[in-house]
Amino acid sequence: MNASIEARKLSIIEYLAELEDENIIQQIENLLKPRVDFWDELSDREKSLIKQGLKDLEQGKRIDFQQFMKEQRNRQNS
């Protein structure tokens, strides 16, 4: 690596050492974390529900959004 990159890395390290902003620290941690497929973080139950939903869609078991919202409003008012 050339000296310019080394100097920039040292500058970043110095900046991080003095940093107090939790939000920025969290954002940096998120950048440095290895990318994880969200599917791997789901529980078995969540995976099962998603698979069932996809199966239902393939079988034509669906309602349009407006009908769904109407049913949800009716449930809330009951």
**Asked** Counting each DSSP H run of 4 or more residues in the chain as -39500 (n - 2.57), what helix-only mean residue ellipticity at 222 nm follows after dividing by all residues, to the nearest 500 deg cm²/dmol?
**Response** -23500 deg cm²/dmol
**Request:** Determine the dipole magnitude for the chain: charges of +1 sit on the beta-carbon of Lys and Arg, -1 on that of Asp and Glu, nothing else is charged, the reference point is the Cα centre, and the result goes in debye to the nearest 20.
**Result:** 760
**Cβ-based charge dipole, region 10-68, positive-most Cα from LEU32, LEU19, SER48** = SER48
**Degrees separating the helix 44-58 axis from the principal Cα axis of the chain, which is the longest one** = 50
**Request:** Enter the per residue convex hull volume of the chain, computed from alpha-carbon coordinates, in Å³ rounded to the nearest integer.
**Result:** 229
**Prompt:** Using alpha carbons only, how many degrees (0 to 90, rounded to 10) separate the axis of helix 22-32 from the longest principal axis of the chain?
**Reply:** 90
**Asked** Against the longest principal axis of the chain, how steep is helix 3-18, in degrees 0 to 90 to the nearest 10, with axes from Cα atoms?
**Response** 70
**Item:** Pair LEU31, ARG45: separation of 7 Å Cα→Cβ label points (nm)
**Value:** 3.8
**Message:** Under the rule a/c < 1.5 gives rounded, and otherwise a/b versus b/c splits prolate from oblate, where does region 38-78 land using the Cα gyration tensor?
**Reply:** oblate
**Fill in**
Candidates ASP21, ASP37, ASP64; GNM for the chain (alpha-carbon contacts under 10 Å) flags as most fluctuating ASP64
**Request:** Choose one answer from ILE24, ILE13, ILE50: the residue with the largest mean-square fluctuation in a GNM of the chain with alpha-carbon springs under 10 Å.
**Result:** ILE13
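Since every read-out is calculated from the coordinates, none of them should be taken as a lab result. All figures in this text were calculated on a predicted structure; none of them were measured in a lab. Methodologically, a virtual Cβ is constructed for each residue, glycine included, from the backbone with ideal geometry; neighbour enumeration extends over all protein chains shown.
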